[in-house]
Every structure is written in structure tokens, then in C-alpha cells.
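*Asks:* I have a structure I would like to understand better, so I am pasting it below and will then ask my questions one at a time.
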Amino acid sequence: MVAASGSSRYDCVVVGGGHNGLVCAAYLARGGRSVLVLEAADEVGGAAVTREFTPGFRVSACAHLMHSMSDAMIRDLRLEDHGLKFSARQMPTVALSADGGSVSLAPASILTSASPLKSGATVDDAAAYPRYAALLNRLGLALRPMLDAVPPRLGTDAWADKRALLQLGWQIRRLGRQDMRELLRIGGMNVYDLLKEHFESPLLQGALGFDAVLGSNFGPRSPGSVFTLLYRLASSQDTSGAPLSQPQGGLGALSRSLAAAAVAAGAEVRTNAAVQRITVHNHRASGVQLTSGETITANTVISNVDPQATFLRLLGPEYLDAGFTRRVSHLRTRGLTAKLHLALDGLPRFTGLPMEASGGRFLIAPSLDYLERAFNHSKYGEFSTAPALEITVPTVNDPTLAPAGKHVLSAVVQYAPHTLKTGWENRRQQFTDIIVDTIEHYSPGLSKSILLAQLLTPADIEREFRITGGHWHHAELALDQFFMMRPVPGAAQYQTPVDGLYLCGAGCHPGGGVMGTAGRNAARQVLGQVA
Amino acid sequence: MRNPHINDGGFEPTSPAAEPQNTAVASSAVASPTQDGVRPFTGAGNTSAVAPAGVHVAMGAALVSCPPPHYLQPLLKTPFHNRARALSQRDSFIAWAGYTTVDVFTNVEHEYFAIRNATTLYDLTPMVKYRIAGPSAQAYLNHLVTRDISKLKVGRVAYCVWCNDAGHLIDDGTVFRLGEDEYRLCTAERQLDWLLSSAIGFNRLIVEEVTEQIAALAMQGPTSYAVLAAAGLVGVERLKPFEIGTFELGSLEVSLMVSRTGFTGDLGYELWMNPAHAERVWDLLMAAGHTRGIRPIGSQALNIARIEAGFLQPNVDFVSSAHTVMMGRDRSPLQLGLEWLVDFDKPYFTGRRALVEEKRRGSTRRLVGLDVEGNKPAHNALLYADRAGRKEIGSVTSATWSPTCKRNIALAMIDAPHFAMGGTVWADIYLNRELVWERRMVRARVVERPFFAPDRRKATPPGNY
């Protein structure tokens, strides 16, 4: 479709080939649109990529687990036909204690340290857990349709908006009197208080609280941390009870299968094509201009880029109302989560766990107070001196990621401010040492087997993955930046105030986490499939 | 703080709204203007020479003296205050934008007739003034206001309005283009917050409040040109309406900026000066105008003249959308009859999308002029479609007996479709006659504004009356 003038024309141009952009492109192409995806990096995937961080060692460079892309979407896009394979599904979550105790979490039960001398869950906790898990599961299931929906607009006379609001009310009403009351009671609570109500073991409390603050700017005592927990549970529903999985070849393999699905549907995908500006003609988005100077015209531009960069950098406030620009600029976009990659000479052992358990997801969050203390520093622009961690050793399930006999450890690290008070330049090694020392407590001897350590601070994530603020949800997931308010009122239905410009990234409802729903919903809006 | 709000860095994607532009407070202390476009940050606190006894706050071991909060401070006095005080018979002062100014000097009628028959001085100093400067000043202003500022030439003034996202008026005011990248925005109310919000993404831009750095006098009336000429402003006759000139007053060693603008719809000028020169300029003008009936006026007389001229008064004829609480109480420029100020052909401006939509659907109400029967001003009158008063269709926002037109005039907001030109509405007027209230249902006709627009206001050179 390249025109003689050197500029080309498409129905839809998707700016950014992250997972949401690729999902969006696939659905748009299936809807009969001519679609071009432009990715600035040399491979698609955005923050869902596999990279070689030192020769021979590859790792999922940002997101490292899948827990929220629905089976329905994987089937619908036939991703397994396009190369997606899982090296592990239904991965267990194991909370570690420095004394060798542990709690292993499963959807309906927990397994805990056999020895009563070691930290673990009490008998009462084991009895309480299924009730707690079932309650949260019911609430998560009730909220899942909300995540899948295009948020309604408030204050309109449109039937679709009223119906969507009624449906939301109906979903919650259907929970029944008791659960509905519990949802309203705990919805605005902090997870610290909730877990103290249910459990007595610090290790179990820490493990369950960790998921509420993972990837957020929250500590367990922050208001709204039950909301983020419910969000995570809701996003993990409809994944056949297998919330945690690891694609063969890392998250980059998922992105490649998404790209293949999009291409099979007729979309074009270009890498090394960084967009400089979204062009506007006659008050309507008319296409994009690349950093190379090349221009591409399109009826519709869909941005997978975070909302601040989309509106303030690629588009420009001169095309927007000042109040809207102010709302966008006030979005909370700073990440507080770092990533550590270790190239290891051998398989790390975790105290008290059998060798074959190394393929799971390990949490270092031995108590709620530990989490809260880790969070304290971040409020003042400092990193945690005893960070909380989510650790995987992807090479256990997928040996192709490292040379034979070698291993990779991938850890999500809470908390590391995007803007460190002292600046990151001279503090990276110190923080890396702190994280390694922390893991060493739970895996003695680990540090001796380290061949190379790579730390990605939120500032690095911002630069590497082109996410303003380096937040993996593009914008903080909190009640005030959720649903009809995400990213901001006026752009919460994927359509922006500028005709012909849509958003499809994690900054939109329902957020990031490698779910793909934002991309699919945006495509439905562009295609006019939303009633 | 005295530091102006300067967006001078490259765009910072992670903190577009952060420092420096949004953290500072309004610059309110008198600073010495410099010509290089950037004012030095002195670091001085908000020290005020007129601050009354301070509040003592214990902070740790030390006792710290703080100025009293702004709402406990007395109103500011303008640089003309001593002159006004001396001439005020009625001692009738009112608060205006933090200053005390004269409401009536002697008698409203005398002051009004001086506007239409002689010349008048009106202290404009409290008018809120912003300096907007820098390479992106024009693009910034063009995005802020509904008119095409790119067409405003250096040395010219434009009356403008600006809106929020919903296309509802925040304020009206005048934009002065003082240089290539140097503008002054004069507004009724302080709105640095909105101006700074609007500045997000515009780099190399200075937005700075300069109200206290500039004293201003409005000189309005048919003999105003003759008085200025007599005062020694050589060449002032060449100023066209909405033009700016600078004049050296050799006798005073004072430089005076003069714009041919005003709020009376008559021949007149506005004079802008260093506050240190204010009293000398006042004295010079009063002396030069002695034989041409010059007199100072207060706000009440001006109000009659501005209604005759059809000009809107914020918080009287519309309430700023920054202040309205209830839905539907704010007003768009289309509703206010200001569509001539809205340029849909220029680049995007805040509120454009909403105004395009309003234009497409048609406005639900409109501000119009009314010619009311009888001679009783229709103050605050409710308006009806029928004499029986069954269907309420709007209300009067400003009303006066026009002594010059000899007509009973009003500005009124009327619902569609009753605002059609030439139509008849009924005004429910209440009259207090020695404490006995009477009610009159009076016929009124929808008419064009302005009610009074003499040719002399535009004549260049102006008449030497």
C-alpha cells in the first residue's frame, strides 16, 4: 500500500507494538481494517519481551509471568497456533521464611512447613484460608465483567452507558446480601487490616498482602490496597484456575505469537519505527510522523503509548483543552518497582524447600510489617533497605533461556522510587547488593554463583520500555484512576477528545499486567462494536 | 515570592505539571521591571510594608513573626488613593480585587454626565494584569483565548474571552501586544491557576502577575483627547481605537503608555504608568483638563456608561465558570452574544470542541439587549413570554435608565427561542415607593447592542471638543 509519494495510507495505525497494541491490531485487522503497527524498538512486545542480558542468558526483561490474559483471548486469537507454548502453568506461589519455613499457596488450600519449629501457617490459618480464598474468589469473579467492559460515561443520556452502569450494579447485587455487604465493607479498606482479621501467621499474611501491593505505590497499610488485591484476583479469573504461567521462551514469545496473530489477520508490523508526532489535520488525527521524517496517514491512530506521552509529547497540548491537559499531567505515573536479573552458575536452592520446587514463584515478604517497612523508605525518595521480592527461576521450567547447567533468576523488587532522592547514578550497586543480600538470607550461597547482575530501576524501565514514569500499568492503578476515570475522564472509553485518536495501552481500563483487554476493547470501540 | 512562572526547560515527560510553573504562588510584591524578559528571583518573602501587627507563632524554641493571613489584611491602596481620598465628598469606597476604590465621588449623575459630555478619570489600577512573554507567548495566548491572537499586531489591543473545556466563559479581558513576544493580559479576576494550567507543555514562557507594578487610569469622554493634547502628549491624535502608543511627558520626565481603549463606548484612553509617577500624572491631567470639565468618577457612573455601551460585567452579566457551583449556571461566549470573538478557523483553543458542538445544536439561551417600556429600570426582573406571567423565559442581568439615549435599557439572558431580535418579552418589575412595593408587568423589546455608539468614539483624529 505504499504510495508513490513515499507516504503511505492505512485505515488504522497503532503506535507502539506492546502486547495491547498487538492485540488491538489483530482485532482491527480481523474487523477488515488495514492496520500498521509501529514499534520503536527492534522487536515487538514493549514490556513483554525476552532479552539477552549477558551472552547466553535470556530473561523476560520486564513482565516475567502471565496471570491475567484470559484463556478466551488466547483461544480467540489462536495464539497457540501462532507459536505460544507454556513451559509452566499453574505455578505455585511459595512464601519464604528466613528460618526455612514456608507457606505454599494454592487456589483452595495452603501447604505449610512440616516442622512446627519453623515459621509457617497455624492450624487455624489453614482452616481459615479456604473460606477467605473462596470469598475473594467470588468477589473477583463478580468484578471480572467490569474489567472486560468498556467503561460507561457518566451523565449522558446514551442507553449504552446506562445499561453498562446497570450491569455493573447487577453483578454486585447478584453476589447476594452477605457478599455484597462484605465487598462494600472491605472495598476501601487496607489489606493489612483485612488480613489481620482473617489470619494469625505473619508469613501467610505477608504472602497474601504482597499481591495487593505488587507493582503499585502502596504499602499494605495504604488505603485502597484491598481494591488492588481484588483487581488482581479479578484479572486472574477466567484463566482456568491457572493464574500463573510462564511462556516457553519468556514473555517475548507471547508477544511474537500476538504479532503473528495480527499479521495472519492482515496487519503489518514494523519495528525500528519510532513515532515522533501524531499528526493532526483540521482538528482530527491524520496519521503519524516517524523520527525518520516519514509520514504515514491513517483514518484512525491508536496509541499503545502511555497517556502522558501520547497526549503531551506525541500529540501536544496545543490540540487539547487546558483542563484535560491538566488532568493528564496530574496522572500518577511513577513506578516504584524494580527488576533484578541474575545470571547464575548453578541452580539456586531455597532453604527448607526440595530441589524440584524451584520452578515456582517465591515471595520474600515474611510479614505485613516487613512489607510496610519496605514501603516506608519510598515515601521519602529512598529505596528499601530490606526489599520485598517476587522471585522466579525461569530456567528451571525453560532451560533454553541459559547455557546448559546455568540459570537465570528474575526478581520483581519492591520498593525502588523512580526518582531516588540521591539520584540512581551512584546507588545502583548498593541497591543491587541489598537485594542480593536479602535473597541470600533465603538462599544461602546464592551470591557466590552470580555471574552477572542486572538491575532495572523504574527510571531504567522508563527509558528501556518507553513508559513515562516506568510504571508497569502506565498509570497507578488506584480507585481514583480506575474504570471511568482511567486514564482521565474524557478519554476513559479509549476514544480521546481528538477525533480519530484512540488509546489502547495499559493506561486505559482495565490496566496492564499482560492482560490484553485494553487492546481488545479499544479495537471494539474503533470498529464501532460497542453498543 | 517574586519569581515569575517560567517554563524554560525542555519538555519533561515524567513531570509535565511539576515544578517550576505550578509550585510558586502569585507574584504580588512590587518588583522593579527589567527589560531582558526575566526578573531576578530575590528570594524575599512576602513582606508587606502595610502589614498590621503580625501573628507570632512558636516554632520550636524560636518565636517567629508571620504576617497575618491575607483575609485579615486591610485592602490595598492604589497609587492614586491619596488624590481620590482628597476629592471624595461621599467617602464612598468599595473593594475591588483586593484594593479599595471609589464608588461615588460626589454624585452619580454628575459623574455620568462628565463621561458623556466632558472627560473623566477612573482609577483602573486594581484591574488584574499579567505579563505573558517569551517565544511561545503567542501560541500560548492563541490556545487560551477564542480570538485569533496571531492577527494581533504589535502595538494593538484585542478584547478577548477565554473558556474552560466545556466552552464556558472563565473571564473576559484585554490582550495588549507590547512587543514581538511581549503581551499583557488584563482581567477582572485573578486566575493564575488557570493561566498556569493552560501553560502546561508551552516552553520558554513567562506568566507573571504584574498588577502592583503598573498604575492605570481610564480617561474617558469626548474632551479626553483635547485634555491629553493639552497635557503635552504630542501625536496622541494619531492613535486609532485599540492602538497603543508611548508618550514622553517632558514636563514630568515621565513616560506614559496610552491605549485607545475603554469601558464606556465613548472617545477615551487608558493610561498605564509606573506607580511612582501616578500622582504627578494625575495632577498634570487634572490641571490640563480644568477648562474641559475633567472630574474623577467612581464605579457607579461607569456602570451606567458600560450598560449603554453594551459591555458585560463579570459576576453581573455572567458568572465565571471557575466559580459556578450548579450545572447550567455558567455561560458560553455564544450564549453571551460574543460569537464574533470566537474564531473557529484558527488553531485549537480550549473549549473549541464544546463550542463547535453548541454551535451545531444551537444555543439554549442568549444575552440580548432590551428596550423596556416606561422609565423604571428593570433591575433583576424576571422575564416572561406573556403578559400574564405564565411562562418564565429568563431574567435581566443589568438595567439602567439611559440618560443619553433617553431609553430604559437592560441586558437580559433569555431562553430560546424568545431571544430573537425584535421579539417582545414581558418584564416583571418591582418598585419600592416609600416602602410600598408595586409590581409592573412591562413590555420590552429585544434589540441590538450597543445602545449608544457615537461616531466620535472611532473618529481618528479625534474631535477637539
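*Asks:* On the given criteria, is A:GLY423 at positive phi, in contact with a Pro (Cβ under 6 Å, 6 or more places away or on another chain) and either within 14 Å of chain B (Cβ to nearest Cβ) or without any contact (Cβ under 8 Å) to a residue 12 or more places away in the chain (or both)? Don't jump to the end; show me each part of the working.
*Replies:* Details: at positive phi: yes; in contact with a Pro (Cβ under 6 Å, 6 or more places away or on another chain): no; either within 14 Å of chain B (Cβ to nearest Cβ) or without any contact (Cβ under 8 Å) to a residue 12 or more places away in the chain (or both): yes.
Here the answer is no, as A:GLY423 does not meet what is asked.
This table checks each residue for (1) under 23 Å from the mean Cα position of the chain (by Cα); (2) at pLDDT 95 or above; (3) surrounded by fewer than 16 Cβ atoms within 10 Å (Cβ to Cβ).
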residue: A:MET146; (1), (2), (3): yes, no, no
residue: A:PRO151; (1), (2), (3): yes, no, no
residue: A:GLN171; (1), (2), (3): no, no, no
residue: A:ARG174; (1), (2), (3): no, no, yes
residue: A:LEU195; (1), (2), (3): no, yes, no
residue: A:PHE199; (1), (2), (3): no, yes, no
residue: A:PHE210; (1), (2), (3): yes, yes, no
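*Asks:* Within region B:154-169, work out how many residues are in a strand (DSSP E or B) and touching a helix residue (DSSP H, G or I) at 6+ places or on another chain (Cβ under 6 Å).
*Replies:* Of all residues in region B:154-169, those in a strand (DSSP E or B) come to B:156-163, B:169.
Right, trim to touching a helix residue (DSSP H, G or I) at 6+ places or on another chain (Cβ under 6 Å) and you get B:161-162.
Residues flagged as in a strand (DSSP E or B) and touching a helix residue (DSSP H, G or I) at 6+ places or on another chain (Cβ under 6 Å) within region B:154-169 amount to 2.
*Asks:* Another question about this same structure. Condition first: modelled with pLDDT of 95 or more and surrounded by fewer than 21 Cβ atoms within 10 Å (Cβ to Cβ). Can you find one or more residues in region A:412-419 that meet it? I'd like the intermediate steps shown before the answer.
*Replies:* Looking only at region A:412-419, we keep the residues that are modelled with pLDDT of 95 or more, and these are A:412-419.
This time we only want the ones that are surrounded by fewer than 21 Cβ atoms within 10 Å (Cβ to Cβ), so: A:419.
Looking for residues that are modelled with pLDDT of 95 or more and surrounded by fewer than 21 Cβ atoms within 10 Å (Cβ to Cβ), one finds at least one in region A:412-419, hence yes.
*Asks:* Exactly one condition in (1) of a type in the set (Gly, Ala, Ser); (2) farther than 25 Å from A:ARG163 by Cα; (3) surrounded by 21 or more Cβ atoms within 10 Å (Cβ to Cβ); (4) in contact with a helix residue (DSSP H, G or I) (Cβ under 6 Å, 6 or more places away or on another chain) is not met by A:GLY512; state its number.
*Replies:* (4)
*Asks:* Being touching a strand residue (DSSP E or B) at 6+ places or on another chain (Cβ under 8 Å), surrounded by fewer than 19 Cβ atoms within 10 Å (Cβ to Cβ) and polar (S, T, N, Q) is the filter here; which residues of region B:70-98 pass it?
*Replies:* Correct list: B:SER88, B:SER92.
*Asks:* Taking region A:111-130, which residues are surrounded by fewer than 18 Cβ atoms within 10 Å (Cβ to Cβ), in a helix (DSSP H, G or I) and in contact (Cβ under 8 Å) with a residue 60 or more places away in the chain? Break it down stepwise before answering.
*Replies:* Within region A:111-130, the subset surrounded by fewer than 18 Cβ atoms within 10 Å (Cβ to Cβ) is A:111, A:114-118, A:122-124, A:127, A:130.
With the extra rule that they be in a helix (DSSP H, G or I), the set shrinks to A:123-124, A:127, A:130.
Passing the criteria: only A:ASP124.
*Asks:* So, one more: Take A:ARG373 and decide whether it is within 23 Å of A:TYR192 (Cβ to Cβ), within 25 Å of the chain's Cα centre (by Cα), surrounded by fewer than 22 Cβ atoms within 10 Å (Cβ to Cβ) and within 14 Å of chain B (Cβ to nearest Cβ).
*Replies:* Numbers: within 23 Å of A:TYR192 (Cβ to Cβ): yes; within 25 Å of the chain's Cα centre (by Cα): yes; surrounded by fewer than 22 Cβ atoms within 10 Å (Cβ to Cβ): yes; within 14 Å of chain B (Cβ to nearest Cβ): no.
In short, no.
*Asks:* Now a separate question. Quick one: which strands (runs of 3 or more DSSP E) lie wholly within region A:33-91 and hold at least 3 residues that are closer than 28 Å to A:GLU462 by Cα, of a type outside the set (Gly, Ala, Ser) and outside the structural domain of A:GLY17 (by TED's automatic domain parsing)? So that I can check it myself, show each step before the final result.
*Replies:* Numbers: elements: A:35-38, A:50-54, A:57-60, A:86-88.
Hits in region A:33-91: A:50-54, A:57-60.
*Asks:* Do you know which of the residues in region A:331-370 that are acidic (Asp, Glu) and within 21 Å of A:HIS64 (Cα to Cα) is nearest to the chain's Cα centre (by Cα)?
*Replies:* Narrowing region A:331-370 to residues acidic (Asp, Glu): A:345, A:356, A:369.
Now restrict to residues that are within 21 Å of A:HIS64 (Cα to Cα): A:345, A:356.
On the way: A:ASP345: 29, A:GLU356: 28 Å.
So the residue we want is A:GLU356.
*Asks:* Any idea which of (1) at pLDDT below 95; (2) surrounded by fewer than 17 Cβ atoms within 10 Å (Cβ to Cβ); (3) on the phi > 0 side of the Ramachandran plot is the one A:MET355 doesn't satisfy?
*Replies:* So A:MET355 meets the others, but not (3).
*Asks:* Any chance region B:319-331 includes a residue that's closer than 18 Å to B:ALA86 by Cβ and either touching a Phe, Trp or Tyr at 6+ places or on another chain (Cβ under 8 Å) or of a type in the set (A, V, I, L, M, F, W, C) (or both)? Working first, answer last.
*Replies:* Step one: of region B:319-331, the residues closer than 18 Å to B:ALA86 by Cβ are none.
No.
*Asks:* Residue by residue through region B:344-376, note down the ones that are without any contact (Cβ under 8 Å) to a residue 40 or more places away in the chain and surrounded by 15 or more Cβ atoms within 10 Å (Cβ to Cβ).
*Replies:* B:LYS359
*Asks:* Yes or no: region B:253-262 includes at least one residue that is farther than 23 Å from B:PRO461 by Cα and more than 14 Å from chain A (Cβ to nearest Cβ).
*Replies:* Of the residues in region B:253-262, the ones farther than 23 Å from B:PRO461 by Cα are B:253-254.
Now drop any that are not more than 14 Å from chain A (Cβ to nearest Cβ), which leaves B:253-254.
Yes, there is a match, as at least one residue in region B:253-262 is farther than 23 Å from B:PRO461 by Cα and more than 14 Å from chain A (Cβ to nearest Cβ).
*Asks:* Just a yes or no: is a residue in region A:270-280 surrounded by fewer than 20 Cβ atoms within 10 Å (Cβ to Cβ) and either part of a helix (DSSP H, G or I) or modelled with pLDDT under 95 (or both)? Outline the logic, then answer.
*Replies:* Our first condition is that a residue be surrounded by fewer than 20 Cβ atoms within 10 Å (Cβ to Cβ); within region A:270-280, this holds for A:270-272, A:274, A:276-277, A:279.
Okay, now just the ones that are also either part of a helix (DSSP H, G or I) or modelled with pLDDT under 95 (or both), so none.
So far as region A:270-280 goes, no, none of its residues is surrounded by fewer than 20 Cβ atoms within 10 Å (Cβ to Cβ) and either part of a helix (DSSP H, G or I) or modelled with pLDDT under 95 (or both).
*Asks:* Can you tell me which residues in region B:179-207 are part of a strand (DSSP E or B) and surrounded by fewer than 19 Cβ atoms within 10 Å (Cβ to Cβ)? Let's see the steps before the verdict.
*Replies:* Kept after step one, since they are part of a strand (DSSP E or B), are these residues of region B:179-207: B:179, B:182-187, B:205-207.
Within region B:179-207, B:GLY179, B:GLU182 qualify.
*Asks:* From A:ILE467, A:ILE450, grab the single residue that is over 17 Å from A:ALA61 (Cα atoms) and at pLDDT 95 or above.
*Replies:* Step by step, each of A:ILE467, A:ILE450 is checked, and only A:ILE450 is over 17 Å from A:ALA61 (Cα atoms) and at pLDDT 95 or above.
*Asks:* Still on this structure, I have one more. Within region B:170-196, how many residues turn out to be of a type in the set (Asp, Glu) and touching a Lys or Arg at 6+ places or on another chain (Cβ under 8 Å)? Full working, then the answer.
*Replies:* Here is the first cut: in region B:170-196, the residues of a type in the set (Asp, Glu) are B:171-172, B:180-182, B:189, B:193.
Okay, now just the ones that are also touching a Lys or Arg at 6+ places or on another chain (Cβ under 8 Å), so B:182.
So the answer is 1.
*Asks:* Report yes if B:MET413 is in contact (Cβ under 8 Å) with a residue 60 or more places away in the chain, surrounded by 14 or more Cβ atoms within 10 Å (Cβ to Cβ) and either in contact with a Lys or Arg (Cβ under 7 Å, 6 or more places away or on another chain) or assigned by TED's automatic domain parsing to the domain that holds B:GLY221 (or both), otherwise no.
*Replies:* On the way: in contact (Cβ under 8 Å) with a residue 60 or more places away in the chain: yes; surrounded by 14 or more Cβ atoms within 10 Å (Cβ to Cβ): yes; either in contact with a Lys or Arg (Cβ under 7 Å, 6 or more places away or on another chain) or assigned by TED's automatic domain parsing to the domain that holds B:GLY221 (or both): yes.
It is true that B:MET413 is in contact (Cβ under 8 Å) with a residue 60 or more places away in the chain, surrounded by 14 or more Cβ atoms within 10 Å (Cβ to Cβ) and either in contact with a Lys or Arg (Cβ under 7 Å, 6 or more places away or on another chain) or assigned by TED's automatic domain parsing to the domain that holds B:GLY221 (or both).
*Asks:* Within region B:115-131, which residues are closer than 26 Å to B:LEU178 by Cα and not in a loop (DSSP other than H, G, I, E, B)?
*Replies:* Going through region B:115-131, the residues closer than 26 Å to B:LEU178 by Cα turn out to be B:120-131.
Selection gives B:THR120, B:LEU121, B:TYR122, B:ASP123, B:VAL128, B:LYS129, B:TYR130, B:ARG131.
*Asks:* Further, regarding this structure: Anything in region A:212-250 that is under 20 Å from A:MET146 (Cα atoms) and assigned to a helix (DSSP H, G or I)? List them, or say none.
*Replies:* Here is the first cut: in region A:212-250, the ones under 20 Å from A:MET146 (Cα atoms) are A:212, A:224-241, A:243.
Of everything in region A:212-250, those that are under 20 Å from A:MET146 (Cα atoms) and assigned to a helix (DSSP H, G or I) turn out to be A:ALA212, A:SER225, A:VAL226, A:PHE227, A:THR228, A:LEU229, A:LEU230, A:TYR231, A:ARG232, A:LEU233, A:ALA234, A:SER235.
*Asks:* Can you tell me which residue among B:GLY155, B:GLY167 is within 14 Å of chain A (Cβ to nearest Cβ) and touching a Lys or Arg at 6+ places or on another chain (Cβ under 8 Å)? Spell out the reasoning first.
*Replies:* On the way: B:GLY155 fails: within 14 Å of chain A (Cβ to nearest Cβ).
Unique residue meeting the criteria: B:GLY167.
*Asks:* Here is a follow-up. Return a yes/no flag: does region A:407-429 have any residue that is farther than 14 Å from A:GLY219 by Cα and in a helix (DSSP H, G or I). Step through it out loud before you land on a result.
*Replies:* First, pick out the residues of region A:407-429 that are farther than 14 Å from A:GLY219 by Cα: A:407-412, A:418-429.
Checking which are in a helix (DSSP H, G or I) leaves us with A:428-429.
Scanning region A:407-429, I find at least one residue that is farther than 14 Å from A:GLY219 by Cα and in a helix (DSSP H, G or I), so the answer is yes.
*Asks:* Out of region A:314-336, which residues are free of Cβ contacts under 8 Å to residues at least 60 places away in the same chain and either outside any loop (DSSP other than H, G, I, E, B) or away from every other protein chain (no Cβ under 14 Å) (or both)?
*Replies:* Result: A:PRO317, A:GLU318, A:ALA322, A:GLY323, A:THR325, A:ARG326, A:SER329.
*Asks:* Moving to a separate point now. Only one residue in B:GLY265, B:GLY293, B:GLY337, B:GLY310 is farther than 30 Å from B:GLY394 by Cβ and among the small types (Gly, Ala, Ser), so which one is that? Break it down into steps so the answer makes sense when it comes.
*Replies:* Numbers: B:GLY265 fails: farther than 30 Å from B:GLY394 by Cβ; B:GLY337 fails: farther than 30 Å from B:GLY394 by Cβ; B:GLY310 fails: farther than 30 Å from B:GLY394 by Cβ.
Within the list B:GLY265, B:GLY293, B:GLY337, B:GLY310, the selection yields B:GLY293.
The values are calculated or read from the model by the stated rules, or taken from the named source; none is laboratory data. This is a predicted model, so every value here is computed, not measured. As a convention, Cβ positions derive from the backbone with ideal geometry for all residues, glycine included, and neighbour counts pool all protein chains shown.
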